[in-house]
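S.K.: Structure provided below as structure tokens; questions to follow.
The values are calculated or read from the model by the stated rules, or taken from the named source; none is laboratory data. All values derive from a computational prediction rather than experimental measurement. Positions of Cβ are backbone-derived with ideal geometry, glycine not excepted, and every protein chain shown enters the neighbour counts. These area figures cover heavy atoms from the full protein model, side chains too; ligands, DNA and RNA do not enter into them. Shrake-Rupley method; radii C 1.70, N 1.55, O 1.52, S 1.80 Å.
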Amino acid sequence: MLRTESVVWEPDSSVGWIDVDRDEARRVREMLGMLTAPEAVDPHGILPILIALSDRLFPGVTTQHTRAKYVLFCGWHLQRIAATGGSASLSARLRHDELELMRSLLDSDDHRGLFGRRSRENIRTTPISVYWSTLDRWGLIPNGFRLDDLSALAPGVSSGHAAQLSDDARLMAESKAVGILPSDFPPSSAGFPGADQELGLTREQADYLVDRVAATCGGTALHAALTDERLRHGRRPWSVDETIGGQAMTDARCFSELIHPARLAYTKLLIDDARSAEGLELGDMETQLNDSFAAWRDETDSRLDQLREWAGEPLDRLLADPEIRLEPRRRRFVRSAIDRVVADPDGCLDDPELHRLVRGIEGALKKNKARLGGGEPFRRWMKQPTMLASNRLDYRWGRVRGFADDIAEAS
């Protein structure tokens with residue numbers, strides 16, 4: 001910190017990572033993407049659990065996904081670049097093709113989930129960057145394949161460049177394979193990436209995507225959602241069939257239900273602070289909050305014994321899961337908050353100890369960015385009060401239902 005007589009300078013905060021692990025890079029991108037939505041604020045520090053359980057239920061699907069057809073579009077982009085040479089840089093050619101596709105889709109009647117619908121030529125997050133993890137997870141590109149590997153497979157590449165390929169990509173180069181996608185990958189639409197492209201799937205394309213999910217993610221909730229039409233009408237992943245997805249679904253449901261009062265408590269504390277600090281009455285929001293808690297209590301009433309059982313060893317196992325790598329203070333918060341909920345499900349929303357835990361974890365994680373405590377973030381919230389971090393956790397269910405709708409409409 002640099003001090004002068006009258007000015008205190010503080011650098012802007014930032015987030016960065018070294019991209020040496022594709023799974024870690026994907027998790028960071030998703031965390032940043034999720035935090036852009038107002039309702040996705042994470043004052044409790046539970047986002048790593050949410051992402052891990054979402055990955056287990058719905059592998060290859062992220063919160064940034066929109067339409068299933070983009071999986072095919074991205075594959076076709078890669079095919080075009082791998083099959084064509086040229087002096088233009090890989091990124092320039094790819095951006096040119098993605099913009100051409102965007103223009104073609106803008107000319108169609110179906111704009112639901114269209115990338116670039118608002119930003120047009122200024123689009124910054126392109127489909128290929130969002131769907132790359134899907135191509136990888138669904139086995140549509142070689143394991144660990146990178147975008148840089150693609151240029152080395154194009155016609156006329158030097159052996160020196162090929163030597164830098166990942167192992168799987170090098171095997172492909174040595175066998176003189178031109179394509180990088182499975183041999184049965186659906187052919188691109190006529191005129192791709194321009195001329196009359198559509199976001200809807202054909203029956204053959206939908207069947208292919210379902211087959212890929214079955215081959216690479218069989219037994220997951222994702223496979224069930226794409227093949228059982230009943231599931232796509234459920235409000236939450238477990239609302240139609242709680243047995244799909246095995247232990248991942250059990251963990252996801254129980255965690256969503258038991259952490260919900262702590263999420264509601266966050267908004268309750270904001271309302272209390274607004275009343276005590278400014279005399280502001282937020283009656284409508286308070287009614288909505290109480291209604292949400294009453295609905296939660298009704299839905300969990302018949303499951304209390306199951307929830308209490310899960311809140312023992314299964315919860316400890318989840319919190320200690322090495323794939324989640326939850327830091328100790330977050331583990332302690334989740335354990336303590338859930339203990340308060342199972343001890344008094346009827347009165348937990350007004351539990352002073354739960355309130356102390358919620359205030360404490362946000363303060364520890366956010367410091368001067370915390371809303372609770374009366375600082376500038378709280379004053380900004382006061383200008384336009386909304387319920388924050390109080391929705392039910394549903395693990396990307398809306399995105400999965402969108403994919404399932406695309407599959408079903410193709411029939």
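S.K.: Please give the solvent-accessible surface of Trp397 in Å², to the nearest 10, using a probe radius of 1.4 Å with every protein chain present.
M.R.: Rounded to the nearest 10, the figure is 10 Å².
S.K.: Step through the residues of segment 58-64 one at a time and calculate ³J(HN,Hα) from phi using the Karplus curve (6.51 cos²θ - 1.76 cosθ + 1.60, θ = phi - 60°), rounding each to whole Hz and writing x for Gly and Pro.
M.R.: Using θ = phi - 60°, the values come out as 10, x, x, 10, 10, 5, 8 Hz.
S.K.: According to the square roots a ≥ b ≥ c of the eigenvalues of the Cα gyration tensor, what is the shape class of segment 269-402, taking rounded for a/c under 1.5, prolate for a/b larger than b/c otherwise, and oblate for the remainder? Write out the running numbers ahead of the final one.
M.R.: Details: a/c = 1.64, a/b = 1.37, b/c = 1.19.
Because a/c hits 1.5 or more and a/b exceeds b/c, segment 269-402 counts as prolate.
S.K.: Accessible surface of Phe255 in the full protein assembly, 1.4 angstrom probe, to the nearest 10 Å²?
M.R.: 0
S.K.: Of Ser104, Ala68, Ala82, which is farthest on the positive side of the dipole of segment 66-114, counting Cα position, with +1 on Lys and Arg Cβ, -1 on Asp and Glu Cβ, and the Cα centre as origin?
M.R.: My answer, from the dipole projection, is Ala82.
S.K.: With θ set to phi - 60°, apply the Karplus curve 6.51 cos²θ - 1.76 cosθ + 1.60 along segment 264-272 and write out the HN-Hα couplings as whole Hz, x wherever there is a Gly or Pro.
M.R.: With the stated coefficients, segment 264-272 comes to 5, 4, 4, 5, 4, 5, 4, 4, 4 Hz.
S.K.: Could you give the size of the charge dipole of segment 276-411 about its Cα centre, using +1 on the Cβ of each K and R and -1 on the Cβ of each D and E, expressed in debye and rounded to the nearest 20? Write down the numbers at each step before the final one.
M.R.: Details: 24 positive and 27 negative charges, 216 e Å.
Its charge dipole is roughly 1040 debye.
S.K.: Please list, in order along segment 275-288, the HN-Hα scalar couplings obtained from phi with the Karplus expression 6.51 cos²θ - 1.76 cosθ + 1.60 (θ = phi - 60°), rounded to whole Hz, x for Gly and Pro.
M.R.: The phi angles translate into 6, 6, 7, 10, x, 7, 9, 10, x, 5, 5, 5, 5, 4 Hz.
S.K.: Carbon-plus-sulfur fraction of the accessible area of segment 317-400, 1.4 Å probe, in percent?
M.R.: Details: 2030 of 4270 Å².
Of all accessible area on segment 317-400, carbon and sulfur atoms account for 47 percent.
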